[in-house]
Amino acid sequence: MMLLPDAEATLAAGRALAGALKAGDVVTLSGNLGAGKTTFARGLLNGLGLMEEAPSPSFAIVLPYERPLVSLPVWHVDLYRLDNEDEISELGLTDVLDDGCLMIEWPERLGACGWPSALKISLDATGDVPRRLTVDIPPSWKERCPFQ
Ligand SMILES: Nc1ncnc2c1ncn2[C@@H]1O[C@H](COP(=O)(O)OP(=O)(O)OP(=O)(O)O)[C@@H](O)[C@H]1O
Ligand SMILES: [Mg+2]
């Protein structure tokens, strides 16, 4: 568990993950509305070299980032507005994984087609206490996850 006292700490946590990412990785970002998922993703994209501030994919659903803007291709995905698994399969999310990564907000929408090997990050923003980051680390991330 890690405390995130302010938005800058959430950005820094995202940046810290960037160096550990490899093609084929899936990172899921869970947490209530406004918990800081996009902020974390923005930090990660910045850590991969993106200079501008990444927008939220809430409306586009999938925002792809390619070289040379980033050092590793990433599709930043927000599934909040999707409500069935058919719509999700139409997004062709696995296409990026040969060469790059997926970073998925609202992974709960994946239902049965979730990725068991994903690094699962949760952001908790309940009450007056500082926000907290917790992580569920699959075997493929044991050696390289910067959060324990
Ligand atoms: N650790 C933090 N402490 C305080 N505020 C934070 C922290 N991290 C992010 N924020 C702020 O919380 C707000 C919401 O952040 P963000 O848009 O990243 O949330 P989200 O989880 O992506 O929301 P949504 O569910 O709508 O996609 C922003 O104003 C952001 O600056
Ligand atoms: Mg968001």
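The values are calculated or read from the model by the stated rules, or taken from the named source; none is laboratory data. These numbers come from a predicted model, not from an experiment. For neighbour counting, all protein chains shown are included, and Cβ atoms are generated from backbone atoms with ideal geometry for every residue, glycine included. For accessibility, only protein heavy atoms count, side chains too; no ligands or nucleic acids. Shrake-Rupley method; radii C 1.70, N 1.55, O 1.52, S 1.80 Å.
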Selection from the stretch 120-148 of residues in a loop (DSSP other than H, G, I, E, B) and open to solvent by 40 Å² or more (accessible area, probe 1.4 Å) yields A125, T126, G127, D128, V129, P130, K142, E143, R144, P146, Q148
In the stretch 74-88, what residues are under 16 Å from V26 (Cβ atoms) and out of contact with any Cys (no Cβ under 7 Å at 6 or more places or on another chain)? W75, H76, V77, D78, L79
Pick out, from the stretch 5-98, the strands (runs of 3 or more DSSP E) lying fully within it that include 1 or more residues that are open to solvent by 40 Å² or more (accessible area, probe 1.4 Å) and out of contact with any His (no Cβ under 6 Å at 6 or more places or on another chain). 62-65, 74-78
Would the stretch 113-127 turn up any residue that is small (G, A, S), in contact (Cβ under 8 Å) with a residue 12 or more places away in the chain and within 13 Å of A35 (Cα to Cα)? yes
Which residues, counting only those in the stretch 1-59, are among the acidic types (D, E) and away from ligand 2 (no atom under 16 Å from the Cβ)? D6, E8, D25, E52
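One line per residue, one yes/no per condition, for (1) farther than 13 Å from D78 by Cα; (2) free of Cβ contacts under 8 Å to residues at least 60 places away in the same chain; (3) within 14 Å of ligand 1 (Cβ to nearest atom):
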site	(1), (2), (3)
G24	yes, no, no
V27	no, no, yes
K37	no, no, yes
P57	no, yes, yes
L63	no, yes, yes
R67	yes, yes, no
